[in-house]
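Where a number appears in this text, it was derived from the coordinates with a stated rule and is not lab data. Since this is a predicted model, take the numbers as computed values, not measurements. Here the Cβ positions follow ideal geometry from the backbone for every residue, glycine too, while neighbour counts run over all protein chains shown.
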Amino acid sequence: MKKTYKIEVDCANCANKMEDAAKKTEGVADCTVNFMALKMTVDFAEGVDEKAVMKDVVKNCKKVEDDCEILL
C-alpha cells in the first residue's frame, strides 16, 4: 500500500537524507521524497501497521535531519 505525506524540509540534500532513512526503516518497501512538491510517498511492506511504521520513519528521519517535519 502506498501513502503520500506532506513534508517540511529546507533543502534537497536534506530531502535525500530523509528518503534514505525512510528506505532503511523496517516495514517500508520503498520511499520517494519529492523536494519540489514537499511530499514523501511511502510504499509499505505487506501486512504492516502503517501508523507504527510511520512513527519509526519520523524517528529515523529526525536522526539525520532534526528540523524536518512529516505531517501524518
Query raised in the report: Any idea what angle helix 12-23 forms with the longest principal axis of the chain, computed on alpha-carbon atoms, 0 to 90 degrees, nearest 10?
Result: 20 degrees
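Going by average Cβ neighbours within 10 Å, how do the peptides 25-33, 45-53, 62-70 rank, with the highest at the top? Intermediate results must be reported in sequence, preceding the final value.
On the way: 25-33: 17.2, 45-53: 11.4, 62-70: 14.4.
Taking the mean over residues of other Cβ atoms within 10 Å, the ranking is 25-33, 62-70, 45-53.
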Query raised in the report: Between the helical axis of 50-64 and the dominant principal axis of the chain, each derived from Cα atoms, what acute angle in degrees is found, rounded to the nearest 10?
Result: 30 degrees
Query raised in the report: When N is the residue count of the chain, what does its C-alpha Rg come to as a fraction of 2.2 N^0.38 Å?
Result: 0.96
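Determine the relative contact order of the chain: mean sequence separation of Cα pairs under 8 Å and six or more apart, normalised by residue count, in whole percent.
Values: 114 pairs, mean separation 30.6, N = 72.
Reported relative contact order: 43 percent.
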